[in-house]
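Reading through the structure tokens given below for one structure.
The values are calculated or read from the model by the stated rules, or taken from the named source; none is laboratory data. Just so we're clear, the structure is a prediction, and the values are computed from it rather than from any experiment. Because the Cβ atoms are built from the backbone with ideal geometry, glycine has one as well, and the counts that use them run over all protein chains shown. All accessible areas refer to the heavy atoms of the entire protein, side chains included, with ligands and DNA or RNA removed. Shrake-Rupley method; radii C 1.70, N 1.55, O 1.52, S 1.80 Å.
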Amino acid sequence: MASQRPNILFLMSDQHRADVAGYAGDPVARTPVLDELARTGVVFDNAYTPAPICIPARQSMAAGQLPRTCGCEVFGEDLAPGHMTFARRLSQFGYATVACGKLHHNGADQMQGWTGRIGAGMNVRHDFIEGRNLEAMRNMPVATEHKWSQAKEVKRAGIGRGPINGHDEYTLDGALRFIENFFADPYYDRALPTRPLMLMVSFVRPHVPFLTSHDKFTYYLNRVTPYVDESAFDHPFLGSGAVEPGLDVSEREIRRATAAYYGMVETNDEDYGKVLAALEHVGQDLDDWIIIYTSDHGEMLGQHRLWEKTKFFEGSVKVPLIIRLPGRANAGNFVAENVNLCDLFATICALADIPSVDGLDSRSLVPLLEGDSASWDNETISHYGGTHLGHEERYDRYENLMIKRDDLKYQYYGPEMPEVLFDLARDPGETINYINHPQYAEALADFRQRREALGYGANAAADYRNAGY
């Protein structure tokens with residue numbers, strides 16, 4: 001007996017650049033599992049993160065709300081305890097909602113609506129501890145995640161097994177054990193195959209440090225095309241943090257880091273295949289499932305002399321997104337419209353026949369999945385509020401906002417920095433700022449009006465509540 005509502009498998013990675021995949025046209029990347037999902041599902045060519053950094057992106061996706069709406073604008077912030085998430089909404093309608101791996105919740109509510117969590121990464125930051133003694137905290141060492149500088153991360157990339165590999169092995173093992181127990185339970189016969197399930201399997205790869213196996217590294221080393229002939233973009237923020245080839249790192253080190261990154265993408269693909277095989281092993285027909293694949297943000301990978309994320313360049317802010325429907329409906333379709341990870345909340349609810357909730361920045365992607373774009377506004381929004389500095393809840397706030405409509409991508413960086421306007425149709429490499437070109441004057445006025453409605457700029461709306469969808 002099948003459950004009345006469809007099972008959902010949500011596959012996720014961290015820092016996967018959207019164009020590093022076979023289905024996306026990369027001639028080198030070996031991603032047969034994702035390629036098959038793309039062939040039998042629907043690919044969104046212009047999917048974007050609500051924030052080009054891990055924590056705000058993940059909280060916004062979970063809440064179906066932009067960072068400013070849900071209150072998670074910077075790295076280190078978390079949703080308030082009990083906040084509505086798509087996992088909580090599905091659990092309210094009988095779903096078992098189980099997350100394996102990275103969610104990046106740092107606050108007191110480590111579940112945030114999931115009925116089960118498996119794997120590493122469940123930690124409460126010291127600044128979320130209720131009733132904490134600040135003086136004692138100040139004089140006590142606190143374990144924090146840290147990374148090397150971007151240049152040093154490039155230099156150290158290559159063959160090896162870093163901390164992320166162990167984290168993801170833990171995630172995979174937990175997912176495989178859960179699948180067997182939930183659908184077969186060969187020992188106690190308490191399997192629940194008729195209860196609807198949302199299972200998330202969320203890896204940290206291909207996040208830094210970029211380390212991969214000897215075989216994968218040597219396969220990619222002489223095949224990748226690294227970004228070595230790049231120029232930094234002339235802008236106080238978009239040009240900041242550049243890693244200079246020949247000065248900070250060598251061209252060979254850039255090639256090595258790129259090869260290791262590709263190897264990590266391939267390892268993810270292999271592990272997704274193991275999850276799918278485990279479901280089939282216990283008798284699940286994957287054609288009955290909704291399967292989603294995405295990542296929280298991209299990776300610059302040396303383009304514009306930048307690495308990692310936080311920028312509104314395509315490499316950082318664009319994400320892969322595949323949705324495969326039961327029965328492989330509309331298989332092989334590619335959607336060109338601009339969409340956002342926030343849209344997954346309303347989409348999942350619609351596909352599961354569950355009423356959504358008010359106050360979201362989330363639009364159902366179901367019409368686009370069915371090939372109907374007539375009423376789609378073709379807008380996507382991303383913003384980033386600042387960088388967490390550590391002790392005593394101190395933040396260096398930014399006002400970084402991106403609004404993309406059709407092929408135009410507008411960016412605002414506060415009153416002290418120049419605005420930026422890219423036209424991806426004319427300049428897909430994002431090397432020209434069209435902000436002062438007269439032919440874009442009307443579009444620019446519309447972007448500025450929308451910016452103010454979103455609470456940014458000198459005339460920012462004081463009553464901002466959400467994106468108004």
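Considering only residues that are free of Cβ contacts under 8 Å to residues at least 60 places away in the same chain, in contact with a strand residue (DSSP E or B) (Cβ under 9 Å, 6 or more places away or on another chain) and assigned to a helix (DSSP H, G or I), which ones fall in segment 228-258?
E251
Of all residues in segment 150-173, count the ones that are of a type in the set (G, A, S) and within 20 Å of L286 (Cβ to Cβ). Give the derivation first.
Quick first cut of segment 150-173, residues of a type in the set (G, A, S) only: 151, 157-158, 160, 162, 166.
Those still in the list that are within 20 Å of L286 (Cβ to Cβ) too: none.
Of the residues in that region, 0 qualify.
Write out, first by first residue and then by second, each pair whose Cβ atoms fall under 9 Å of each other, whose residues are 6+ apart or on separate chains, and whose first residue, in segment 51-65, is in contact (Cβ under 8 Å) with a residue 40 or more places away in the chain while the second is of a type in the set (D, E) and assigned to a helix (DSSP H, G or I).
Close Cβ pairs (under 9 Å, with a partner that is of a type in the set (D, E) and assigned to a helix (DSSP H, G or I)) amount to G64/D343.
Hey, R252 hits all of (1) farther than 23 Å from L325 by Cβ; (2) open to solvent by 20 Å² or more (accessible area, probe 1.4 Å); (3) under 24 Å from the mean Cα position of the chain (by Cα) but one; which does it fall short on?
Here R252 clears every test but (3).
Looking at segment 420-436 only, could you name the residues that are touching a residue at least 12 places away in the same chain (Cβ under 8 Å), within 21 Å of N46 (Cβ to Cβ), open to solvent by 10 Å² or more (accessible area, probe 1.4 Å) and hydrophobic (A, V, I, L, M, F, W, C)?
Scanning segment 420-436 gives L424, A425.
Just checking, which of V43, V28, V20 is assigned to a strand (DSSP E or B) and within 28 Å of L306 (Cα to Cα)? First the steps, then the outcome.
Working: V28 fails: assigned to a strand (DSSP E or B); V20 fails: assigned to a strand (DSSP E or B).
Result: V43 is the single residue among V43, V28, V20 that is assigned to a strand (DSSP E or B) and within 28 Å of L306 (Cα to Cα).
Which is modelled with pLDDT of 95 or more, out of contact with any strand residue (DSSP E or B) (no Cβ under 6 Å at 6 or more places or on another chain) and either within 22 Å of S364 (Cβ to Cβ) or surrounded by fewer than 19 Cβ atoms within 10 Å (Cβ to Cβ) (or both), of T85, T49? Talk me through it step by step, then tell me what you get.
Numbers: T49 fails: out of contact with any strand residue (DSSP E or B) (no Cβ under 6 Å at 6 or more places or on another chain).
Being modelled with pLDDT of 95 or more, out of contact with any strand residue (DSSP E or B) (no Cβ under 6 Å at 6 or more places or on another chain) and either within 22 Å of S364 (Cβ to Cβ) or surrounded by fewer than 19 Cβ atoms within 10 Å (Cβ to Cβ) (or both) holds for just one of T85, T49, which is T85.
Let me confirm something: among L301, L279, which residue is in contact (Cβ under 8 Å) with a residue 40 or more places away in the chain, surrounded by 20 or more Cβ atoms within 10 Å (Cβ to Cβ) and assigned to a loop (DSSP other than H, G, I, E, B)?
On the way: L279 fails: assigned to a loop (DSSP other than H, G, I, E, B).
It is L301.
Matching residues to (1) free of Cβ contacts under 8 Å to residues at least 60 places away in the same chain; (2) under 25 Å from the mean Cα position of the chain (by Cα):
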residue	(1), (2)
I179	no, yes
F182	no, no
D185	yes, no
R195	no, no
P206	no, yes
V224	no, yes
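In this structure, is M122 surrounded by fewer than 21 Cβ atoms within 10 Å (Cβ to Cβ) and in a loop (DSSP other than H, G, I, E, B)?
Numbers: surrounded by fewer than 21 Cβ atoms within 10 Å (Cβ to Cβ): yes; in a loop (DSSP other than H, G, I, E, B): yes.
For M122, the condition - surrounded by fewer than 21 Cβ atoms within 10 Å (Cβ to Cβ) and in a loop (DSSP other than H, G, I, E, B) - is met.
Looking at A99, A108, which is the one that is more than 17 Å from H383 (Cβ to Cβ), part of a strand (DSSP E or B) and small (G, A, S)?
Unique residue meeting the criteria: A99.
Go through (1) open to solvent by 40 Å² or more (accessible area, probe 1.4 Å); (2) under 18 Å from C54 (Cβ atoms); (3) of a type in the set (A, V, I, L, M, F, W, C) for L176 and report which single condition fails.
So the condition that L176 fails would be (2).
Restricting segment 185-207 to residues that are at pLDDT 95 or above and among the aliphatic types (A, V, I, L, M), which is farthest from G113 (Cα to Cα)? Full working, then the answer.
The initial filter retains those residues of segment 185-207 that are at pLDDT 95 or above, namely 196-207.
Next, only the ones that are among the aliphatic types (A, V, I, L, M) stay: 197-201, 204.
Working: L197: 14, M198: 12, L199: 13, M200: 13, V201: 16, V204: 21 Å.
By that ranking, first place goes to V204.
For segment 343-363, enumerate the residues that are closer than 16 Å to M198 by Cα, buried (at least 22 other Cβ atoms within 10 Å of the Cβ) and touching a Phe, Trp or Tyr at 6+ places or on another chain (Cβ under 6 Å).
F345, I348 - these are the residues of segment 343-363 that are closer than 16 Å to M198 by Cα, buried (at least 22 other Cβ atoms within 10 Å of the Cβ) and touching a Phe, Trp or Tyr at 6+ places or on another chain (Cβ under 6 Å).
Of everything in segment 54-76 that's surrounded by fewer than 24 Cβ atoms within 10 Å (Cβ to Cβ) and assigned to a loop (DSSP other than H, G, I, E, B), which residue is modelled with the highest pLDDT?
It comes out as G71.
Report whether or not I322 is within 19 Å of the chain's Cα centre (by Cα), of a type outside the set (D, E) and more than 30 Å from I254 (Cβ to Cβ). So that I can check it myself, show each step before the final result.
Numbers: within 19 Å of the chain's Cα centre (by Cα): yes; of a type outside the set (D, E): yes; more than 30 Å from I254 (Cβ to Cβ): no.
So I322 does not fit the description; no.
Taking segment 128-163 only, how many residues are modelled with pLDDT of 95 or more and in contact with a His (Cβ under 6 Å, 6 or more places away or on another chain)?
1
Please identify the pairs in which a residue from segment 445-461 that is more than 14 Å from T69 (Cα to Cα) has its Cβ atom under 6 Å from the Cβ atom of a residue that is of a type in the set (A, V, I, L, M, F, W, C), counting only partners at least 6 apart or on another chain.
F447/I403; R450/I403; E452/A460; E452/A461
Could you figure out which of (1) in contact with a Pro (Cβ under 7 Å, 6 or more places away or on another chain); (2) open to solvent by less than 30 Å² (accessible area, probe 1.4 Å) isn't true of M417?
The single condition M417 does not satisfy is (2).
Is it true that some residue in segment 7-24 is open to solvent by 10 Å² or more (accessible area, probe 1.4 Å) and over 28 Å from Q303 (Cα atoms)?
Scanning segment 7-24, I find at least one residue that is open to solvent by 10 Å² or more (accessible area, probe 1.4 Å) and over 28 Å from Q303 (Cα atoms), so the answer is yes.
Mind listing whichever residues of segment 227-284 are polar (S, T, N, Q) and under 19 Å from S149 (Cβ atoms)? I'd like the intermediate steps shown before the answer.
Going through segment 227-284, the residues polar (S, T, N, Q) turn out to be 231, 240, 250, 258, 267-268, 284.
The answer is S240, S250, T258.
Return the residues of segment 315-327 that are of a type outside the set (A, V, I, L, M), closer than 23 Å to S13 by Cβ and open to solvent by 10 Å² or more (accessible area, probe 1.4 Å); say none if nothing qualifies. Don't jump to the end; show me each part of the working.
Start the filter on segment 315-327 by keeping residues that are of a type outside the set (A, V, I, L, M), which leaves 315-316, 318, 320, 324, 326-327.
If we keep only those that are closer than 23 Å to S13 by Cβ as well, we get 315-316, 318, 320, 324.
Passing the criteria: K318, R324.
Filter segment 332-386 for residues that are farther than 22 Å from R5 by Cα, in a loop (DSSP other than H, G, I, E, B) and in contact with a Lys or Arg (Cβ under 7 Å, 6 or more places away or on another chain) and give the result.
Hits for segment 332-386 are G332, N378.
Any chance you could count how many residues in segment 64-80 are within 15 Å of M402 (Cα to Cα) and among the hydrophobic types (A, V, I, L, M, F, W, C)?
Result for segment 64-80: 1.
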